[in-house]
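Notes follow once the structure below has been shown.
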Amino acid sequence: MSKTQENLKAAFAGESQANRRYLAFAKVAEAEGKTNLAKLFRVVAEGETIHALKHFNATGEVKSSIENVKAAIAGETYEIETMYPQFIDEADREGEAGAKMSFFGANEVEKTHQAVFTKALEAVEAGNDIPETEYHICSVCGELFEGTVPDSCPICKAPKEKFYSI
């Protein structure tokens, strides 16, 4: 890999992390009643997203929908089978209960992501779009639901009221 490709990937990672960091900062500012500061963090986060997407596109890793779904499945599979199990074990050995719970919950949600991408791949490989669906996200753990919202999240047990729709 060329140095420029390494730099693009590092810049993508840095800009992506800045976006998420600023969104986390915006939530704190909002909770403290600093709505204008929250707005500033969100605006800058959007700019960081634009930078991240430009860098990622320049890597050449954005391809056809079929290839992109396959890449998404591969990424989710890596997280499920390799990354999170290792992180869970390390957090357990180090007595980091909060981190262990965070990693475990994320790993469970990644299984849903893998399943919906696998289902989507069948449609896309057949030359179709996926069916129109209303998606619901648990605001506590990030679990994804299609169609009807359950009374509580099966992963984190959050009540139905904690879900939002996309």
Any residue in region 45-60 that is outside any helix (DSSP H, G or I) and at pLDDT 95 or above?
yes
I need the full set of residues from region 111-166 which are in contact with a Phe, Trp or Tyr (Cβ under 7 Å, 6 or more places away or on another chain) and not in a strand (DSSP E or B), in order please.
SER139, VAL149, ILE166
Does ILE73 satisfy being under 19 Å from ILE130 (Cβ atoms), surrounded by 14 or more Cβ atoms within 10 Å (Cβ to Cβ), in the same structural domain as VAL116 (by TED's automatic domain parsing) and of a type outside the set (Phe, Trp, Tyr)?
yes
Can you find a residue in region 40-55 that is over 22 Å from CYS153 (Cβ atoms), loosely packed, with under 14 Cβ neighbours inside 10 Å, touching a helix residue (DSSP H, G or I) at 6+ places or on another chain (Cβ under 9 Å) and among the polar types (S, T, N, Q)?
no
Any residue in region 114-137 that's not assigned by TED's automatic domain parsing to the domain that holds GLU76: show its pairings with residues that are of a type in the set (Asp, Glu) and surrounded by 15 or more Cβ atoms within 10 Å (Cβ to Cβ) at Cβ separation under 8 Å, as long as the two are six or more apart or on different chains.
ILE137/GLU143
Among (1) assigned to a helix (DSSP H, G or I); (2) touching a Cys at 6+ places or on another chain (Cβ under 9 Å); (3) not polar (S, T, N, Q) - the single one ALA99 does not satisfy:
(2)
Near pairs, Cβ below 7 angstrom, 6+ apart or cross-chain, from region 91-112 (in the same structural domain as GLU76 (by TED's automatic domain parsing)) to any residue that is part of a helix (DSSP H, G or I) and basic (Lys, Arg)
ALA91/LYS100; ASP92/LYS100
Does region 112-130 include one or more residues that are at pLDDT below 95 and of a type in the set (A, V, I, L, M)?
no
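The values are calculated or read from the model by the stated rules, or taken from the named source; none is laboratory data. If you're wondering where the values come from, they're calculated on a predicted model, not measured in any experiment. Using ideal geometry, Cβ is built from the backbone for each residue, glycine included, and neighbour counts are taken over all protein chains shown.
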